[in-house]
Amino acid sequence: MVKVGIVSYGAYVPRYRITPEEIGKVWGVDGKGMGRGLYILEKSVPHPDEDVATIATEAARNMLARTSVPADRIGALYVGSESHPYAVKPTATIVATAIGASPRMTAADLEFACKAGTAGIQVSMGLVGSGMAEYAVAIGADTSQGAPGDALEYSASAGGAAYLIGKKDLIAVINKTVSYTTDTPDFWRREGQPYPTHAGRFTGEPAYFRHINAAAKMMMEDVGTQPSDYQYAVFHQPNGKFPTRVAAGLGFTEEQVQTGLLTPRIGNTYSGAVPIGLAAVLDVAKPDDRIFVVAYGSGAGSDAFDITVTDGILEYDRDAAPTVSKLIEDPVYLDYASYAKFKGKIVMQE
Amino acid sequence: MREVAVIGVGMTKFGELWDSSFRDIGLKAGMLAIEDAGLSGDEIDGMFIGNMASGRFIDQHHIGALIADYSGMASNHVPATRVEAGGASGGMAFRQGVMAVASGMHDMVIVGGAEKMTDVDDPSSNAIIDSTADQQWESSMGATMASLHAMIAKRCIHEGMATREEIAAVSVNSHANAVDNPNAQFRRATKIESVIRSSAVAEPLGMFDCAPISDGAAAVVLCPLEDAKKHTDKPVKVAAVSQASDTLALFQRNSILSFAATRVAAERAYARAGISAKDVSVAEVHDNYTISGILAAQDLGLFKKGEAGKAFLEGVTLTGGKMPINTSGGLKAQGHPIGATGVAQIVELTHQMRGTADKRQIAKPRYGLAQNVGGTGSAVTVSILEAI
Amino acid sequence: MASVAREWREIPGRYNTVGTKCGACGKIYFPARSLCPKCRRASVGKMERYDISEEGEVYTFSVVHDAPDANMRMKPYAVGMVKTTDGVLLTGQIVDIDPHRIEIGMPVRTVLRKIYEDGESGVIHYGFKFVPKW
Ligand SMILES: [Zn+2]
């Protein structure tokens with residue numbers, strides 16, 4: 001099979017933050033302790049004028065700023081999210097138009113809880129690998145909602161990252177991708193409901209851990225690798241604790257996981273989580289670095305990727321857009337009242 | 001062209017006129033003007049009505065027919081034309097009326113201006129006012145009318161053209177003058193500190209920098225100057241009516257520190273009247289926001305660039321001052337029922353020119369100038385009345 | 001419900017500050033115009049698409065407290081005029097900064113944001129706003 005991989009990437013995280021302590025104060029919960037338990041120090045909050053379309057656009061514009069590939073050669077664009085602004089009406093067309101990729105192209109929205117972004121990468125790989133598109137863009141972005149007072153409120157955040165998938169001038173080759181998919185309802189949001197519902201502890205062992213472990217093992221078996229062959233590993237990160245635990249169980253070290261672990265500082269960006277984690281790794285990666293990636297989406301499935309950084313990264317204009325650490329370096333902290341106002345949690349008169 | 005004279009004026013009180021409908025106020029101002037001109041009403045052969053947004057304020061378009069009907073003019077089938085130019089609707093209606101008489105098309109014209117703003121809530125009325133800016137590229141982008149003027153003020157302060165205190169002084173001037181105007185919405189004086197400390201609307205401008213939301217109507221009767229003495233002992237000559245346009249959006253101008261349309265309209269008016277700015281005895285300027293008063297005083301040539309603020313601050317512009325501005329109380333204190341404003345300016349100047357301004361009367365009136373602005377200087381009328 | 005078509009046809013300007021350049025005199029306009037006000041007839045057929053620079057500096061601004069309903073959740077918010085590196089003035093909101101820390105001359109760049117929503121069930125309108133430069 002022809003080599004398909006990453007030509008460029010870009011990330012975006014909103015500027016605002018709230019701490020678990022601040023949220024806990026409102027609900028009579030030891031937020032600080034809760035944050036420590038989940039290993040979430042703070043989470044990002046979108047400005048009232050931000051949504052998945054604007055976050056995805058920022059990420060895609062950052063992606064394009066780093067490459068000379070003209071936007072009109074993008075043949076496909078997918079936005080993966082569980083918080084698309086519309087139930088019916090694609091986010092992808094907004095993004096495609098905002099980055100100048102429209103109209104000779106195909107575009108669609110994807111949804112697979114937290115792994116819709118990596119699903120987009122897989123779809124893009126297929127289109128590019130088969131020659132149906134010269135370049136394809138996969139974006140994972142979310143402005144996820146946690147119901148007031150719910151455990152999710154301490155983690156659900158906003159952010160996204162975009163990947164330009166192609167065959168030429170690759171900065172990283174995607175050697176292989178495999179997925180593990182079952183019907184496991186650990187987390188869902190019914191049509192018309194504002195907040196998602198989760199099955200509590202059921203989201204752990206039978207859901208997150210089982211799927212990630214299965215996909216990770218499948219991948220390493222298929223390509224004949226072991227954890228020590230990788231410089232970096234990025235796992236889905238609904239909180240800071242799960243990815244650390246799943247990594248350790250599989251035999252990865254803390255050092256391998258650390259670079260791509262953003263949740264402690266920005267919260268769970270859902271479809272954006274693994275894409276942003278991978279972006280943080282690519283921000284510092286060197287030629288021949290090998291990256292192990294496993295996303296997880298509730299419902300449920302895991303997408304695993306085996307990635308090798310190429311010499312192309314040396315020529316690549318990483319500085320043309322902000323790195324993930326630059327994106328999150330100057331946050332503005334909100335109190336709960338402002339956060340509730342920002343997120344539209346206060347019922348206002350029509 | 002014939003010379004034209006104002007032979008009668010009338011206006012309602014400006015303010016929150018809860019008991020009065022649009023029809024009530026329009027009719028009242030017209031009746032007062034006709035009475036003031038000593039006419040029966042049958043002499044009227046043309047009507048022009050300045051009105052900005054009745055379609056949105058009271059859901060009523062076709063204002064010409066409505067006013068003609070309720071004032072009894074429809075029974076004589078008098079042609080009635082509604083004129084709209086944002087905040088300059090009244091001034092422009094006046095200009096249309098003058099042109100109609102000057103041209104010989106009409107011999108006795110009534111020009112009215114009316115707006116009923118309080119029948120909608122404040123957010124709605126602000127949205128309507130904002131629609132006189134560029135709806136697509138200013139208002140929709142979050143720029144309110146107040147904020148556009150605030151941006152002018154901010155830049156003026158930045159460039160040293162006026163201080164915050166000087167800008168506030170425009171409001172103090174209008175309020176001080178309005179004390180003696182029984183028709184004014186606010187008949188009380190205010191202080192610089194009160195203006196600066198008033199609740200923020202669009203920084204640096206506060207509540208007391210902005211003209212209020214008002215109901216009101218005003219009307220004037222025009223006829224050829226040669227016929228004027230048949231109706232009144234004190235006709236006032238219309239020495240000039242001019243009008244100029246500029247871009248709809250403020251950001252498309254070469255400069256936002258001056259309204260080019262005011263400068264050009266003033267030049268044209270002075271030329272027509274055969275006078276210069278220093279001949280102006282009293283001026284009514286469009287102080288919908290305090291900063292507008294500074295710009296107007298400079299663009300009209302009443303003060304040099306950078307010196308208007310000081311003049312307002314030092315009281316030169318008070319009714320008893322050397323260059324009285326807004327003896328009526330202006331838009332800020334007399335009130336600003338948008339379509340009526342430009343006509344009310346003519347009402348005030350007519351009183352000044354014929355010496356019937358009561359406690360507000362200035363000494364030795366010769367020329368009175370009115371400046372009426374639509375949007376952020378996108379349309380400006382300048383009218384000059386002459387005492388004869 | 002407000003007009004969908006009226007907003008839809010302005011998308012190039014709203015999303016990407018697409019303006020026009022007069023082929024006769026070279027002046028750049030935003031929003032796009034089909035006629036150069038200076039050259040008038042001489043510009044007919046010569047108005048070319050021009051992508052206005054995404055970077056500029058604050059020329060003037062105001063912090064809006066008395067806000068339209070669309071911006072209730074962002075009060076007070078800043079609106080400014082920004083002079084782009086092409087020398088074109090644009091009007092838009094300045095976000096992601098404490099409005100009271102904005103200064104004239106501050107470098108900014110354009111981003112895509114929601115401009116307003118047509119109620120709970122209507123179309124969401126997007127357009128450019130300004131944020132501090134990276
Ligand atoms: Zn030209």
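Among the numbered criteria (1) buried (at least 22 other Cβ atoms within 10 Å of the Cβ); (2) under 25 Å from A:S325 (Cβ atoms), which single criterion is violated by A:E255?
Among (1) buried (at least 22 other Cβ atoms within 10 Å of the Cβ); (2) under 25 Å from A:S325 (Cβ atoms), A:E255 violates only (1).
Given the conditions (1) crowded, with 22+ Cβ neighbours inside 10 Å; (2) part of a loop (DSSP other than H, G, I, E, B); (3) of a type in the set (S, T, N, Q), report the number of the one that A:S271 does not fulfil.
(2)
Just checking: which of the helices (runs of 4 or more DSSP H) contained wholly in segment B:218-326 hold 3 or more residues that are on the phi < 0 side of the Ramachandran plot and touching a Ser or Thr at 6+ places or on another chain (Cβ under 7 Å)?
Qualifying helices (runs of 4 or more DSSP H): B:260-273, B:290-299.
Of the conditions (1) in contact with a Phe, Trp or Tyr (Cβ under 8 Å, 6 or more places away or on another chain); (2) within 27 Å of B:A5 (Cα to Cα); (3) not in a strand (DSSP E or B), B:A333 fails just one. Which one is it?
Result: B:A333 fails condition (2) only.
Please list, ordered by first then second residue, the pairs with beta carbon atoms under 8 Å, 6 or more apart or interchain, first in segment A:288-304 and without any contact (Cβ under 8 Å) to a residue 40 or more places away in the chain, second part of a strand (DSSP E or B) and crowded, with 24+ Cβ neighbours inside 10 Å.
A:D288/A:V309
Could you tell me which residue of segment C:36-50 is nearest to the other protein chains (Cβ to nearest Cβ), considering only residues that are more than 7 Å from the ligand (Cβ to nearest atom) and in a loop (DSSP other than H, G, I, E, B)?
Looking at the filtered set, the residue picked out is C:P37.
From the set of residues in segment A:293-350 that are basic (K, R) and surrounded by fewer than 21 Cβ atoms within 10 Å (Cβ to Cβ), which is nearest to the other protein chains (Cβ to nearest Cβ)?
A:K341
With the requirement that a residue be of a type in the set (S, T, Y) and surrounded by 17 or more Cβ atoms within 10 Å (Cβ to Cβ), what does segment B:31-55 give you?
B:S54
Taking the residues in segment C:21-35 that are free of Cβ contacts under 8 Å to residues at least 60 places away in the same chain and within 13 Å of chain B (Cβ to nearest Cβ) as candidates, determine which candidate is nearest to the ligand (Cβ to nearest atom).
C:K27
Against the condition surrounded by 20 or more Cβ atoms within 10 Å (Cβ to Cβ), over 30 Å from B:S199 (Cβ atoms) and either facing another protein chain (nearest Cβ under 7 Å) or at pLDDT 95 or above (or both), how does C:G56 come out, does it pass?
Spelling it out, C:G56 is indeed surrounded by 20 or more Cβ atoms within 10 Å (Cβ to Cβ), over 30 Å from B:S199 (Cβ atoms) and either facing another protein chain (nearest Cβ under 7 Å) or at pLDDT 95 or above (or both).
Per-residue answers, yes or no, for (1) touching a Ser or Thr at 6+ places or on another chain (Cβ under 9 Å); (2) outside the structural domain of B:A146 (by TED's automatic domain parsing); (3) free of Cβ contacts under 8 Å to residues at least 40 places away in the same chain:
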| site | (1), (2), (3) |
| --- | --- |
| B:D42 | no, yes, yes |
| B:R56 | yes, yes, no |
| B:A65 | no, yes, yes |
| B:P79 | no, yes, yes |
| B:V111 | no, yes, no |
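Could you identify the single residue in A:S8, A:S44, A:S83 that is within 14 Å of chain C (Cβ to nearest Cβ), assigned to a strand (DSSP E or B) and either within 17 Å of A:S155 (Cα to Cα) or in contact (Cβ under 8 Å) with a residue 60 or more places away in the chain (or both)?
Just a single option satisfies the conditions, and that option is A:S44.
Residues are listed down the side, and each one gets a yes or a no for (1) more than 13 Å from the chain's Cα centre (by Cα); (2) touching a residue at least 12 places away in the same chain (Cβ under 8 Å); (3) facing chain B (nearest Cβ under 9 Å):
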{"residue": "C:A67", "(1), (2), (3)": "yes, no, yes"}
{"residue": "C:R73", "(1), (2), (3)": "yes, no, no"}
{"residue": "C:P76", "(1), (2), (3)": "yes, yes, yes"}
{"residue": "C:D86", "(1), (2), (3)": "yes, yes, no"}
{"residue": "C:P99", "(1), (2), (3)": "yes, yes, yes"}
{"residue": "C:E117", "(1), (2), (3)": "yes, yes, no"}
{"residue": "C:Y126", "(1), (2), (3)": "no, yes, no"}
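Output the residues belonging to segment B:195-217 that are touching a helix residue (DSSP H, G or I) at 6+ places or on another chain (Cβ under 6 Å) and either in a helix (DSSP H, G or I) or among the aromatic types (F, W, Y) (or both).
B:V195, B:I196, B:F208, B:D209
Is it the case, given these coordinates, that A:E22 is farther than 14 Å from A:G267 by Cβ, among the acidic types (D, E), in the same structural domain as A:A133 (by TED's automatic domain parsing) and outside any strand (DSSP E or B)?
It is false that A:E22 is farther than 14 Å from A:G267 by Cβ, among the acidic types (D, E), in the same structural domain as A:A133 (by TED's automatic domain parsing) and outside any strand (DSSP E or B).
Which is hydrophobic (A, V, I, L, M, F, W, C), under 21 Å from B:G206 (Cβ atoms) and within 14 Å of chain C (Cβ to nearest Cβ), of B:M117, B:M145?
The conditions single out B:M145.
Based on what the data block shows, is C:E10 away from the ligand (no atom under 16 Å from the Cβ) and among the acidic types (D, E)?
Considered against the rule, which asks whether it is away from the ligand (no atom under 16 Å from the Cβ) and among the acidic types (D, E), C:E10 comes out as yes.
The values are calculated or read from the model by the stated rules, or taken from the named source; none is laboratory data. Computed from a predicted structure; not experimentally measured. Neighbour counts are summed over all protein chains in view; Cβ atoms, including those assigned to glycine, are modelled from backbone coordinates with ideal geometry.
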